[in-house]
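The values are calculated or read from the model by the stated rules, or taken from the named source; none is laboratory data. Remember, predicted model here, so these are calculated numbers, not experimental data. Every residue, glycine among them, receives a Cβ derived from its backbone with ideal geometry; neighbour counts consider all protein chains shown. Side chains are part of the model used for accessible areas, which takes the heavy atoms of the whole protein and leaves out ligands, DNA and RNA. Shrake-Rupley method; radii C 1.70, N 1.55, O 1.52, S 1.80 Å.
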Amino acid sequence: GPSLSLALSGVIEKVRFPLISPEKLRDVVQPMMQKGGGGGGGMHEALVLEGYQHHALMRIGQPSNVAPDKCRPRCGANPEPLGAREDQQLLQARASAVRTYRWLQGLPSNVERLSMSGMQLEVDDAILVEDFLRRRGRNLVELDLKSNRLDCKALLHILAGLRHTPKLAGLALGENPLWQGAASSQLGKLLGDTLEQHCPKLERLGLGGTGLQDDDVKFLAAAIKSHSSLKQLGLSGCKVTRTGVESLALAAGSARTALHTLVLTRNPAVSDPEAAGQLDALRALFPPHVALRI
(Lines give C-alpha, C1' and ligand atoms only; values in the text may rest on other atoms or scores of the structure.)
Protein backbone atom coordinates (compact mmCIF):
# COMPACT_ATOMS: atom_id res chain seq x y z
CA GLY A 1 0.00 0.00 0.00
CA PRO A 2 1.01 3.64 -0.24
CA SER A 3 3.24 5.06 2.47
CA LEU A 4 2.19 7.80 4.84
CA SER A 5 4.85 10.13 3.45
CA LEU A 6 3.42 9.76 -0.07
CA ALA A 7 -0.08 10.32 1.22
CA LEU A 8 0.99 13.55 2.86
CA SER A 9 2.91 14.82 -0.17
CA GLY A 10 1.20 17.81 -1.70
CA VAL A 11 -1.77 17.60 0.65
CA ILE A 12 -0.82 18.70 4.13
CA GLU A 13 0.69 22.00 2.99
CA LYS A 14 -2.49 22.92 1.09
CA VAL A 15 -4.78 22.48 4.08
CA ARG A 16 -5.03 25.73 6.05
CA PHE A 17 -7.13 24.67 9.02
CA PRO A 18 -5.65 24.07 12.52
CA LEU A 19 -7.75 20.96 13.15
CA ILE A 20 -11.02 19.83 11.62
CA SER A 21 -13.01 16.63 11.67
CA PRO A 22 -12.52 13.91 9.00
CA GLU A 23 -15.99 14.69 7.65
CA LYS A 24 -15.08 18.33 6.98
CA LEU A 25 -11.57 17.49 5.86
CA ARG A 26 -13.01 15.08 3.28
CA ASP A 27 -14.50 18.07 1.42
CA VAL A 28 -10.99 19.55 1.10
CA VAL A 29 -9.01 16.40 0.34
CA GLN A 30 -11.43 14.71 -2.08
CA PRO A 31 -11.21 17.41 -4.82
CA MET A 32 -7.40 17.31 -4.58
CA MET A 33 -7.34 13.56 -5.07
CA GLN A 34 -9.70 13.74 -8.00
CA LYS A 35 -7.61 16.52 -9.53
CA GLY A 36 -4.50 14.35 -9.14
CA GLY A 37 -6.11 11.68 -11.25
CA GLY A 38 -7.21 8.27 -10.07
CA GLY A 39 -6.86 9.05 -6.38
CA GLY A 40 -3.18 10.03 -6.52
CA GLY A 41 -1.87 6.77 -7.96
CA GLY A 42 -3.97 4.49 -5.80
CA MET A 43 -3.64 6.53 -2.61
CA HIS A 44 -6.31 5.71 -0.08
CA GLU A 45 -8.24 8.73 1.10
CA ALA A 46 -8.28 7.34 4.64
CA LEU A 47 -4.49 7.40 4.73
CA VAL A 48 -4.43 11.06 3.72
CA LEU A 49 -6.97 11.90 6.42
CA GLU A 50 -4.96 9.97 8.98
CA GLY A 51 -1.78 11.76 7.98
CA TYR A 52 -3.32 15.21 8.20
CA GLN A 53 -4.80 14.55 11.60
CA HIS A 54 -1.41 13.30 12.82
CA HIS A 55 0.25 16.60 11.90
CA ALA A 56 -2.59 18.70 13.27
CA LEU A 57 -2.57 16.87 16.60
CA MET A 58 1.21 17.14 16.93
CA ARG A 59 1.07 20.88 16.23
CA ILE A 60 -1.20 21.50 19.20
CA GLY A 61 0.71 19.15 21.52
CA GLN A 62 -1.81 16.30 21.58
CA PRO A 63 -1.10 12.56 21.22
CA SER A 64 -0.81 11.42 17.63
CA ASN A 65 -3.35 9.09 16.04
CA VAL A 66 -0.53 7.34 14.14
CA ALA A 67 1.92 4.73 15.43
CA PRO A 68 5.50 6.10 15.66
CA ASP A 69 6.89 3.60 13.14
CA LYS A 70 4.47 4.90 10.47
CA CYS A 71 5.53 8.54 10.77
CA ARG A 72 7.93 10.23 8.43
CA PRO A 73 10.94 11.37 10.53
CA ARG A 74 11.30 15.11 11.11
CA CYS A 75 15.00 15.59 10.51
CA GLY A 76 17.75 17.33 8.63
CA ALA A 77 19.18 16.24 5.33
CA ASN A 78 20.44 12.67 4.91
CA PRO A 79 20.67 11.32 8.48
CA GLU A 80 22.80 8.24 8.97
CA PRO A 81 20.81 5.04 8.38
CA LEU A 82 20.12 2.84 11.37
CA GLY A 83 20.93 -0.84 11.46
CA ALA A 84 18.19 -3.38 12.14
CA ARG A 85 19.16 -3.78 15.79
CA GLU A 86 19.38 -0.04 16.42
CA ASP A 87 16.11 0.55 14.62
CA GLN A 88 14.33 -2.01 16.79
CA GLN A 89 15.88 -0.48 19.89
CA LEU A 90 14.63 2.95 18.83
CA LEU A 91 11.10 1.68 18.21
CA GLN A 92 11.03 0.07 21.64
CA ALA A 93 12.25 3.29 23.24
CA ARG A 94 9.52 5.28 21.46
CA ALA A 95 6.90 2.89 22.80
CA SER A 96 8.34 3.00 26.34
CA ALA A 97 9.15 6.72 26.62
CA VAL A 98 6.12 8.13 24.83
CA ARG A 99 6.18 11.47 26.64
CA THR A 100 9.80 12.16 25.72
CA TYR A 101 9.24 11.08 22.11
CA ARG A 102 6.28 13.43 21.66
CA TRP A 103 8.12 16.26 23.39
CA LEU A 104 11.13 15.95 21.09
CA GLN A 105 8.92 15.64 18.01
CA GLY A 106 7.34 18.99 18.85
CA LEU A 107 10.65 20.88 18.79
CA PRO A 108 11.72 23.01 15.81
CA SER A 109 14.12 21.37 13.37
CA ASN A 110 16.81 24.01 13.92
CA VAL A 111 16.70 24.05 17.73
CA GLU A 112 19.75 25.69 19.34
CA ARG A 113 19.02 25.20 23.05
CA LEU A 114 17.61 22.01 24.51
CA SER A 115 16.72 21.87 28.21
CA MET A 116 15.46 18.57 29.64
CA SER A 117 16.47 19.19 33.24
CA GLY A 118 14.45 17.32 35.87
CA MET A 119 12.38 15.30 33.38
CA GLN A 120 13.24 11.98 35.09
CA LEU A 121 15.04 10.75 31.98
CA GLU A 122 16.34 7.17 31.95
CA VAL A 123 17.90 4.82 29.38
CA ASP A 124 14.99 4.73 26.91
CA ASP A 125 14.76 8.51 27.02
CA ALA A 126 18.50 8.71 26.33
CA ILE A 127 18.04 6.54 23.23
CA LEU A 128 15.50 9.04 21.94
CA VAL A 129 17.79 11.98 22.74
CA GLU A 130 20.60 10.25 20.85
CA ASP A 131 18.35 9.83 17.81
CA PHE A 132 17.23 13.45 18.05
CA LEU A 133 20.83 14.69 18.17
CA ARG A 134 21.83 12.43 15.30
CA ARG A 135 19.07 13.82 13.12
CA ARG A 136 18.67 17.40 14.29
CA GLY A 137 21.64 18.34 16.46
CA ARG A 138 23.70 20.19 13.89
CA ASN A 139 22.74 23.65 15.19
CA LEU A 140 22.54 22.76 18.90
CA VAL A 141 24.52 25.11 21.14
CA GLU A 142 23.26 24.23 24.65
CA LEU A 143 22.18 20.86 26.06
CA ASP A 144 20.90 20.68 29.65
CA LEU A 145 20.28 17.16 31.01
CA LYS A 146 20.97 17.74 34.69
CA SER A 147 18.89 16.34 37.57
CA ASN A 148 17.66 13.21 35.83
CA ARG A 149 18.12 9.44 36.27
CA LEU A 150 20.78 8.93 33.63
CA ASP A 151 23.28 6.20 34.54
CA CYS A 152 26.40 5.29 32.59
CA LYS A 153 24.45 3.07 30.18
CA ALA A 154 22.21 6.02 29.35
CA LEU A 155 25.28 8.27 29.08
CA LEU A 156 26.66 6.06 26.30
CA HIS A 157 23.67 7.03 24.14
CA ILE A 158 24.02 10.72 24.97
CA LEU A 159 27.72 10.69 24.10
CA ALA A 160 26.98 8.91 20.81
CA GLY A 161 24.54 11.69 19.96
CA LEU A 162 27.16 14.35 20.70
CA ARG A 163 29.09 13.21 17.64
CA HIS A 164 26.47 15.09 15.63
CA THR A 165 26.55 18.42 17.53
CA PRO A 166 29.55 20.28 16.09
CA LYS A 167 28.42 23.66 17.50
CA LEU A 168 27.77 22.53 21.08
CA ALA A 169 29.17 25.05 23.58
CA GLY A 170 27.39 24.09 26.82
CA LEU A 171 26.68 20.64 28.28
CA ALA A 172 25.09 20.06 31.70
CA LEU A 173 25.09 16.47 33.00
CA GLY A 174 25.16 17.21 36.72
CA GLU A 175 23.09 15.44 39.37
CA ASN A 176 22.81 12.18 37.42
CA PRO A 177 23.94 8.77 38.77
CA LEU A 178 26.59 8.32 36.10
CA TRP A 179 28.62 6.12 38.45
CA GLN A 180 25.95 3.41 38.12
CA GLY A 181 25.21 1.03 35.24
CA ALA A 182 27.20 -0.76 32.56
CA ALA A 183 30.62 0.68 31.63
CA SER A 184 30.73 2.86 34.77
CA SER A 185 34.34 1.77 35.32
CA GLN A 186 35.16 3.55 32.04
CA LEU A 187 33.21 6.72 32.88
CA GLY A 188 36.16 9.10 32.87
CA LYS A 189 37.62 7.69 29.66
CA LEU A 190 34.25 7.93 27.90
CA LEU A 191 33.87 11.56 28.90
CA GLY A 192 37.46 12.43 28.06
CA ASP A 193 37.36 10.79 24.64
CA THR A 194 34.11 12.53 23.74
CA LEU A 195 35.41 15.89 24.86
CA GLU A 196 38.60 15.50 22.88
CA GLN A 197 37.21 13.93 19.70
CA HIS A 198 33.64 15.17 19.25
CA CYS A 199 33.17 18.45 21.15
CA PRO A 200 35.78 20.88 19.78
CA LYS A 201 33.71 23.98 20.61
CA LEU A 202 32.51 23.00 24.08
CA GLU A 203 33.08 25.86 26.53
CA ARG A 204 31.07 24.79 29.61
CA LEU A 205 30.84 21.29 31.06
CA GLY A 206 28.82 20.53 34.21
CA LEU A 207 29.49 17.20 35.93
CA GLY A 208 28.66 18.00 39.54
CA GLY A 209 27.02 15.27 41.58
CA THR A 210 27.87 12.50 39.10
CA GLY A 211 30.19 10.48 41.36
CA LEU A 212 33.41 11.14 39.44
CA GLN A 213 36.55 9.93 41.20
CA ASP A 214 40.25 10.64 40.77
CA ASP A 215 40.73 8.01 38.06
CA ASP A 216 37.90 9.57 36.05
CA VAL A 217 39.32 13.05 36.54
CA LYS A 218 42.70 11.92 35.16
CA PHE A 219 41.09 11.14 31.79
CA LEU A 220 39.23 14.44 31.82
CA ALA A 221 42.40 16.32 32.65
CA ALA A 222 44.24 14.67 29.75
CA ALA A 223 41.54 15.88 27.37
CA ILE A 224 41.40 19.37 28.90
CA LYS A 225 45.16 19.76 28.54
CA SER A 226 44.86 20.15 24.77
CA HIS A 227 41.29 21.47 24.51
CA SER A 228 41.34 25.02 23.22
CA SER A 229 37.68 25.86 23.97
CA LEU A 230 36.68 24.48 27.38
CA LYS A 231 36.61 27.38 29.84
CA GLN A 232 34.43 26.16 32.72
CA LEU A 233 34.35 22.75 34.41
CA GLY A 234 32.00 21.88 37.26
CA LEU A 235 32.88 18.94 39.52
CA SER A 236 31.05 19.87 42.72
CA GLY A 237 29.67 17.10 44.88
CA CYS A 238 31.91 14.38 43.44
CA LYS A 239 34.60 12.19 45.03
CA VAL A 240 37.68 14.11 43.98
CA THR A 241 40.70 14.13 46.30
CA ARG A 242 43.99 16.01 46.16
CA THR A 243 45.25 13.49 43.57
CA GLY A 244 42.51 14.46 41.16
CA VAL A 245 43.03 18.14 41.85
CA GLU A 246 46.72 17.82 41.00
CA SER A 247 45.81 16.23 37.64
CA LEU A 248 43.54 19.17 36.87
CA ALA A 249 46.21 21.65 37.95
CA LEU A 250 48.69 20.14 35.48
CA ALA A 251 46.10 20.41 32.72
CA ALA A 252 45.29 24.02 33.65
CA GLY A 253 48.97 24.90 33.31
CA SER A 254 49.10 23.78 29.68
CA ALA A 255 49.60 26.51 27.12
CA ARG A 256 46.90 24.96 24.89
CA THR A 257 44.05 24.82 27.41
CA ALA A 258 41.41 27.55 27.77
CA LEU A 259 40.27 26.52 31.26
CA HIS A 260 39.73 29.48 33.59
CA THR A 261 37.03 28.32 36.06
CA LEU A 262 37.03 25.09 38.06
CA VAL A 263 34.31 24.30 40.62
CA LEU A 264 35.20 21.72 43.29
CA THR A 265 32.76 22.59 46.07
CA ARG A 266 31.20 19.78 48.12
CA ASN A 267 34.12 17.39 47.56
CA PRO A 268 34.75 16.39 51.19
CA ALA A 269 38.40 15.49 50.66
CA VAL A 270 39.34 18.93 49.31
CA SER A 271 36.69 21.38 50.52
CA ASP A 272 36.90 20.96 54.28
CA PRO A 273 36.26 24.48 55.66
CA GLU A 274 38.41 23.72 58.69
CA ALA A 275 41.50 22.99 56.58
CA ALA A 276 42.28 26.54 55.49
CA GLY A 277 45.94 25.75 54.95
CA GLN A 278 45.09 22.86 52.65
CA LEU A 279 42.79 25.04 50.55
CA ASP A 280 45.53 27.63 50.10
CA ALA A 281 47.94 24.90 49.07
CA LEU A 282 45.52 23.59 46.46
CA ARG A 283 44.97 27.05 45.02
CA ALA A 284 48.70 27.50 44.73
CA LEU A 285 48.85 24.53 42.34
CA PHE A 286 46.91 26.44 39.69
CA PRO A 287 47.99 29.30 37.43
CA PRO A 288 46.80 32.74 38.62
CA HIS A 289 44.27 33.11 35.80
CA VAL A 290 42.29 30.02 36.91
CA ALA A 291 39.42 30.73 39.32
CA LEU A 292 39.26 27.79 41.72
CA ARG A 293 36.05 27.41 43.72
CA ILE A 294 36.43 25.00 46.62
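Filter the cross-link list Lys167/Lys239; Lys189/Lys225; Lys167/Lys231; Lys153/Lys189; Lys167/Lys218 down to pairs whose alpha-carbon distance in this structure exceeds 19 Å. Walk me through the intermediate numbers first.
On the way: Lys167/Lys239 30 Å; Lys189/Lys225 14 Å; Lys167/Lys231 15 Å; Lys153/Lys189 14 Å; Lys167/Lys218 26 Å.
With Cα atoms farther than 19 Å apart: Lys167/Lys239; Lys167/Lys218.
Roll a 1.4 Å probe over the protein chains and send me the accessible area per residue for the stretch 126-191 in Å².
Numbers: 2350 Å² over 66 residues.
Using a 1.4 Å probe on heavy atoms only, each residue of the stretch 126-191 averages 36 Å².
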Computed curve, the stretch 196-251, Cα-only Debye sum without solvent term, log₁₀ I(q)/I(0) at 0.21 Å⁻¹, is -0.76
Note, the stretch 156-168: 3J(HN,Hα) by Karplus (6.51, -1.76, 1.60, θ = phi - 60°), whole Hz, Gly/Pro = x, goes 4, 6, 4, 5, 5, x, 5, 5, 10, 10, x, 9, 4
Mean accessible area per residue over the stretch 210-271 (1.4 angstrom probe, all protein chains present, square angstrom) is 41
A student applying the Cα gyration tensor rule (rounded when a/c is under 1.5; otherwise prolate if a/b is larger than b/c, oblate if not) would label the stretch 80-161 rounded
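R0 = 25 Å: FRET efficiency of Arg163 with Ser229, Cβ-based, nearest 0.05?
Working: r = 16 Å, r/R0 = 0.66.
E(calc), rounded to 0.05, equals 0.90.
Contour minus end-to-end for Ser96 and Ala281, with contour as 0.36 nm per residue of separation and end-to-end as the Cα-Cα distance? Spell out each step's value before the answer.
Details: separation 185, 0.36 × 185 = 66.60 nm, distance 5.06 nm.
Stretched out fully, the Ser96 to Ala281 stretch lengthens by 61.5 nm.
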Mean separation of Cα contacts under 8 Å (at least 6 apart) over the residue count of the stretch 197-294, i.e. the relative contact order in percent, is 28
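Need one word for the stretch 143-294: rounded, prolate or oblate. Basis is the Cα gyration tensor (sqrt eigenvalues a ≥ b ≥ c); a/c below 1.5 gives rounded, then a/b vs b/c decides. Before the final figure, lay out the partial values.
Numbers: a/c = 1.95, a/b = 1.32, b/c = 1.48.
Verdict is oblate for the stretch 143-294.
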Once phi for every residue in the stretch 238-255 is put through the Karplus expression 6.51 cos²θ - 1.76 cosθ + 1.60 (θ = phi - 60°), the whole-Hz ³J(HN,Hα) values, with Gly and Pro written as x, are 9, 10, 7, 10, 4, 4, x, 5, 5, 4, 5, 5, 4, 5, 5, x, 5, 6
The percentage of the accessible area of the stretch 124-220 (probe 1.4 Å, all protein chains present) made up of carbon and sulfur atoms, to the nearest whole number, is 46
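Would you kindly state how much longer the chain becomes between Gln197 and Arg149 on full extension, computed as 0.36 nm times their sequence separation minus their alpha carbon distance, in nm to one decimal? Can you show the working numbers first?
Values: separation 48, 0.36 × 48 = 17.28 nm, distance 2.57 nm.
Taking 0.36 nm per residue and subtracting the Cα distance, the gain is 14.7 nm.
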So, with points 7 Å from each Cα along the Cβ direction, the Asn139-Arg293 label distance in nm works out to 3.1
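If a/c stays under 1.5 just call it rounded; otherwise compare a/b with b/c (prolate if a/b is bigger, oblate if not). Do that for the stretch 132-229, with a ≥ b ≥ c from the square roots of the Cα gyration tensor eigenvalues. Can you show the working numbers first?
On the way: a/c = 1.66, a/b = 1.19, b/c = 1.39.
It comes out oblate by the Cα gyration axes.
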